[in-house]
Amino acid sequence: MSSSEAPENSQGGGDSPGDLRSILVTSVLNLEPLDEGLFRGRHYWVPSTQRLFGGQIVGQALVAAAKSVSEDVHVHSLHCYFVRAGDPKVPVLYQVEQTRTGKSFSVRSVKAVQHGKPIFIFQASFQETQPSPVQHQFSMPTVPPPEELPNYETLINQYLRDPNLHKKYRLGLNRIAAQEVPIDIKVINPPTLNQLDHLEAKQMFWVRARGYIGEGDMKMHCCVAAYISDYAFLGTAMLPHHGQHKVHFMVSLDHTMWFHAPFRADHWMLYECESPWAGGSRGLVHGRLWRQDGVLAVSCAQEGVIRVKPHVLQSKL
């Protein structure tokens with residue numbers, strides 16, 4: 001899939017029904033029903049680790065859960081655990097249990113299965129829309145708008161054209177550039193080569209689904225946001241250790257999301273990520289997805305396993 005600097009109503013996202021539909025809607029999150037409460041999901045993008053992308057499994061599980069609730073309720077939170085590595089060579093089966101259906105809240109449990117064993121367990125809670133006089137939120141960080149920033153591919157090419165880029169960084173960036181990720185990304189304040197070894201455990205980037213999704217189906221926008229939320233999230237915990245250690249093994253253990261306000265996943269949202277702690281071969285990350293108008297739409301948290309090997313860079317030449 002190609003990516004370019006597209007206007008807001010073209011392939012990169014927008015409001016025109018004539019636009020190319022997002023691959024996340026037409027393929028990744030389009031589950032095949034097999035029986036009541038049983039669905040099969042297929043794969044689109046597989047990371048270089050050859051393990052299934054965690055965001056895909058979270059998004060597909062939420063699609064399966066949402067199919068079992070009424071139209072007037074929407075997900076407000078999900079909690080899940082990754083218990084086995086996903087096999088990209090076979091489909092994933094999603095088994096939905098209707099744990100509870102109440103007047104205001106409904107809970108659904110989902111088990112993702114491959115080779116007869118669970119690889120992922122998931123619970124989501126859905127709520128009827130209810131007004132509340134108790135409201136507050138943090139303020140959105142002040143950052144340049146996405147229209148003023150280069151896209152991810154342009155940024156990577158800028159790094160690759162620098163003759164001082166270390167070979168190990170060059171290999172990693174070439175792998176990233178070769179991936180056909182179905183989301184658009186624009187990084188806030190990307191580090192220079194001299195800053196790569198002195199990064200904070202924080203990063204921010206604008207993000208949106210590639211292609212058109214449209215209004216009306218808030219459940220689908222939440223499923224797409226679940227997919228997006230896992231991209232580059234856990235890597236935030238490794239930013240202060242860049243160049244000191246080589247990541248030997250890094251996978252998600254659990255993932256949690258809280259949905260606060262309506263949003264469009266095919267419109268730019270600011271993803272604010274930070275890692276308050278790492279230790280014990282684990283890392284913790286927190287995230288916030290902000291709408292462009294400053295409304296906090298989604299909060300996220302994740303913990304993952306991080307195992308490293310010592311890695312000393314002698315020179316960047």
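Overview of results
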{"quantity": "Any chance Ala261 is under 24 Å from Phe126 (Cα atoms) and touching a Lys or Arg at 6+ places or on another chain (Cβ under 9 Å)", "calculated": "yes"}
{"quantity": "Checklist (1) in contact with a strand residue (DSSP E or B) (Cβ under 9 Å, 6 or more places away or on another chain); (2) farther than 30 Å from Gly214 by Cα; (3) at pLDDT 95 or above; (4) open to solvent by less than 30 Å² (accessible area, probe 1.4 Å) applied to Ala278, failing item", "calculated": "(4)"}
{"quantity": "Identity of the residue in segment 153-200, in a helix (DSSP H, G or I), open to solvent by less than 60 Å² (accessible area, probe 1.4 Å) and of a type outside the set (Val, Ile, Thr), that ends up modelled with the lowest pLDDT", "calculated": "Ala177"}
{"quantity": "Scope segment 34-54; condition aliphatic (A, V, I, L, M), surrounded by fewer than 19 Cβ atoms within 10 Å (Cβ to Cβ) and either without any contact (Cβ under 8 Å) to a residue 12 or more places away in the chain or in contact with a Pro (Cβ under 9 Å, 6 or more places away or on another chain) (or both); matching residues", "calculated": "Val46"}
{"quantity": "Search result, residues across segment 55-72 that are open to solvent by 10 Å² or more (accessible area, probe 1.4 Å) and touching an Asp or Glu at 6+ places or on another chain (Cβ under 7 Å)", "calculated": "Asp72"}
{"quantity": "1 or more residues farther than 23 Å from Trp206 by Cβ and among the acidic types (Asp, Glu): qualifying strands (runs of 3 or more DSSP E) within segment 235-310", "calculated": "245-259, 296-310"}
{"quantity": "Scope segment 106-126; condition assigned to a strand (DSSP E or B) and open to solvent by 80 Å² or more (accessible area, probe 1.4 Å); matching residues", "calculated": "Lys111, Lys117, Gln123"}
{"quantity": "So Ser252, is it in contact with a Gly (Cβ under 9 Å, 6 or more places away or on another chain) and of a type outside the set (Asp, Glu)", "calculated": "yes"}
{"quantity": "Failed criterion for Ala237 (all others in (1) at positive phi; (2) buried (at least 18 other Cβ atoms within 10 Å of the Cβ) hold)", "calculated": "(1)"}
{"quantity": "Any hit, segment 208-218, residues being part of a strand (DSSP E or B), in contact with a helix residue (DSSP H, G or I) (Cβ under 8 Å, 6 or more places away or on another chain), among the small types (Gly, Ala, Ser) and crowded, with 23+ Cβ neighbours inside 10 Å", "calculated": "yes"}
{"quantity": "Residue satisfying condition, being modelled with pLDDT of 95 or more, open to solvent by 20 Å² or more (accessible area, probe 1.4 Å) and touching a Lys or Arg at 6+ places or on another chain (Cβ under 8 Å), within set Ser252, Ser299", "calculated": "Ser299"}
{"quantity": "Per-region count, segment 176-205, residues out of contact with any Asp or Glu (no Cβ under 8 Å at 6 or more places or on another chain) and under 16 Å from Thr154 (Cβ atoms)", "calculated": "15"}
{"quantity": "Qualifying residue in segment 238-253 (condition: farther than 22 Å from Pro190 by Cα and out of contact with any strand residue (DSSP E or B) (no Cβ under 6 Å at 6 or more places or on another chain))", "calculated": "no"}
{"quantity": "Out of Phe205, Phe249, sole residue that is over 26 Å from Pro145 (Cα atoms) and among the aromatic types (Phe, Trp, Tyr)", "calculated": "Phe249"}
{"quantity": "Pairs, first of a type in the set (Val, Ile, Thr) in segment 125-139, second loosely packed, with under 10 Cβ neighbours inside 10 Å and assigned to a loop (DSSP other than H, G, I, E, B), C-beta under 9 Å, six or more apart", "calculated": "Thr129/Asp72"}
{"quantity": "Long-range neighbours under 6 Å by Cβ, at least six apart or interchain, first residue more than 28 Å from Ala85 (Cβ to Cβ) within segment 251-266, second crowded, with 23+ Cβ neighbours inside 10 Å and of a type in the set (D, E, K, R)", "calculated": "Asp266/Arg208"}
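Residue by residue, here is whether (1) out of contact with any Cys (no Cβ under 9 Å at 6 or more places or on another chain); (2) among the aliphatic types (A, V, I, L, M); (3) modelled with pLDDT of 95 or more holds:
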position	(1), (2), (3)
Ser16	yes, no, no
Ser27	yes, no, no
Leu38	yes, yes, yes
Val46	yes, yes, no
Gln50	yes, no, no
Gln60	no, no, yes
Ala66	no, yes, yes
Glu71	yes, no, no
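The values are calculated or read from the model by the stated rules, or taken from the named source; none is laboratory data. Owing to the predicted nature of the structure, the values given are computational and were not obtained by experimental measurement. Neighbour counts run over all protein chains shown; Cβ positions are idealised from the backbone, glycine included. The protein model used for the area step is the full one, side chains on, heavy atoms only, and it has no ligands, DNA or RNA in it. Shrake-Rupley method; radii C 1.70, N 1.55, O 1.52, S 1.80 Å.
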